[in-house]
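Visitor: There's a structure below that I have some questions on.
Here, each number is a calculation from the coordinates, and none is a lab measurement. Given the structure is predicted, the values throughout are model-derived calculations rather than measurements. Note: ideal-geometry Cβ built from the backbone for every residue, glycine included; neighbour counts use all protein chains shown.
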Amino acid sequence: MTPKQKSSKIKIIVLGAKGVGKTAFITRLVHGKFFHPEAHHSRDIHHRTLTFGDDTFDIELFEVNKSNTEHCPKMDSADAFIAIYSIVSQRSFDEAAELCLRLESKFPEIPMLLLANCCDLNYAREVDAEEGREVSPCFAEVSAAEENSEPLMSAVEGLLRRVMTHRELGQHRRRRSISNVLESIFAWNTRGSFSISV
Ligand SMILES: Nc1nc2c(ncn2[C@@H]2O[C@H](COP(=O)(O)OP(=O)(O)OP(=O)(O)O)[C@@H](O)[C@H]2O)c(=O)[nH]1
Ligand SMILES: [Mg+2]
């Protein structure tokens with residue numbers, strides 16, 4: 001990272017049914033491998049600094065093992081969600097679809113990505129890509145197992161960029177509302193003198 005670059009901290013919650021490859025996805029993203037003992041045995045939270053073009057992202061990933069997210073306090077501080085299912089499990093897709101609906105209604109502003117994992121197991125496919133795309137426009141088929149992590153990285157890059165756009169819009173809105181409040185408080189009267197309107 002050059003001295004001019006500033007990294008953006010982004011908290012991502014990774015959710016989905018049991019055994020869909022949440023840990024494998026995180027391992028691929030954080031360690032660039034399908035299996036890494038640290039990712040599988042040690043911590044709940046994983047960190048990685050990712051650079052795309054001129055932008056650097058300091059990401060924190062947290063895996064939620066149950067599709068029931070009601071009692072997970074981390075949900076409220078999330079900057080983004082990644083919902084995962086496996087293309088070889090219709091049941092995991094149904095759970096992910098329901099999860100997406102719940103997240104969209106509870107956290108409508110938080111960017112979300114739907115990932116169809118295990119696309120290397122195409123011969124055993126139970127869910128078509130089209131079904132995933134219908135659930136979320138931000139969708140990608142990936143494989144945590146495959147060495148070529150290009151599709152996975154590009155889907156994550158898209159999500160991170162949406163988080164930044166969302167943040168910038170939020171800052172812009174906050175700045176506008178502050179300046180509106182200041183304008184309404186400190187109004188100049190017609191004689192050019194200063195007055196405070198209530
Ligand atoms: N072929 C293939 N197998 C995968 C892929 N991703 C994960 N797996 C396998 O699927 C199994 C479950 O993967 P995990 O990463 O442990 O899944 P998880 O969602 O974290 O599971 P829980 O934490 O138990 O809910 C493991 O045997 C992985 O090796 C993939 O993209 N392709
Ligand atoms: Mg896991």
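Visitor: Can you count the Lys pairs in the chain with C-alpha separation below 18 Å, eight or more apart or on different chains?
Guide: Lysine pairs, 8 or more places apart or on different chains, close enough: 11.
Visitor: Right, another one. Using amide H atoms built in the peptide plane, which far-off residues or other-chain residues are under 5 Å from Phe52 H to H?
Guide: Excluding prolines and chain starts, which carry no amide H, the hits are Phe57.
Visitor: While we're on this one: Using a Gaussian network model on the chain with a 10 Å cutoff between Cα atoms, which of Arg28, Arg175, Arg102 fluctuates the most?
Guide: Arg175
Visitor: Place a point 7 Å from Cα of Arg167 in the direction of its Cβ. Which residues in segment 70-89 have their backbone N less than 16 Å from it?
Guide: 77-81
Visitor: Also: Can you list the HN-Hα couplings for segment 109-126, worked out from phi with the Karplus curve (6.51, -1.76, 1.60; θ = phi - 60°), rounded to whole Hz and with x for Gly and Pro?
Guide: Coupling constants for segment 109-126: 8, 8, x, 9, 10, 9, 10, 9, 8, 6, 6, 6, 9, 4, 4, 10, 4, 10 Hz.
Visitor: Which whole-Hz ³J(HN,Hα) couplings does segment 45-60 yield from phi under the Karplus relation 6.51 cos²θ - 1.76 cosθ + 1.60, θ = phi - 60°, glycine and proline marked x?
Guide: Those phi angles translate into 10, 10, 10, 7, 9, 10, 10, 10, x, 8, 9, 10, 10, 9, 9, 10 Hz.
Visitor: Name the helices (complete DSSP H segments) of the chain with a Cα length along the long axis of 20 Å or more and a Kyte-Doolittle mean of at least 1.0, or state none.
Guide: Span-like helices, by this rule, are absent here.
Visitor: A further question on this structure: Taking segment 41-145, how much of its Cα-Cα pair set, in percent, is spaced more than 16 angstrom apart?
Guide: Tail of the P(r) past 16 Å holds 63 percent of the pairs.
Visitor: Taking H as built 1.01 Å from N, whose amide H comes closer than 5 Å to the amide H of Ala145, not counting residues under 5 places away?
Guide: Cys118
Visitor: Using unit Cβ charges (K, R positive; D, E negative) and no other charged atoms, how large, in debye to the nearest 20, is the dipole of the chain about its Cα centre?
Guide: Taking the Cα centre of the chain as origin, the dipole is about 1080 debye.
Visitor: Still on this structure, please answer the following. Once a ≥ b ≥ c are taken as the square roots of the eigenvalues of the Cα gyration tensor of segment 7-196, is the result rounded (a/c under 1.5), prolate (a/b larger than b/c) or oblate (a/b not larger than b/c)?
Guide: prolate
Visitor: For the chain, with a Gaussian network of springs between Cα atoms less than 10 Å apart, report the residue from Ser184, Ser77, Ser143 with the top mean-square fluctuation.
Guide: Ser184
Visitor: Using a Gaussian network model of the chain whose springs link C-alpha atoms within less than 10 Å, name the residue from Ala24, Ala124, Ala145 with the highest mean-square fluctuation.
Guide: Ala124
Visitor: OK, next. List every residue whose amide H lies under 5 Å from the amide H of Glu126, counting only residues 5 or more places away in sequence or on a different chain, with H placed 1.01 Å from N in the peptide plane.
Guide: Val88, Ser89
Visitor: At 0.36 nm per residue, minus the direct Cα-Cα distance, what do His71 and Ala124 gain on full extension? Give it in nm, one decimal, please.
Guide: Extra length available between His71 and Ala124 comes to 15.7 nm.
Visitor: Report the net charge of residues surrounding Phe107, where surrounding means a beta-carbon distance below 14 angstrom and charges are Lys +1, Arg +1, Asp -1, Glu -1.
Guide: 0
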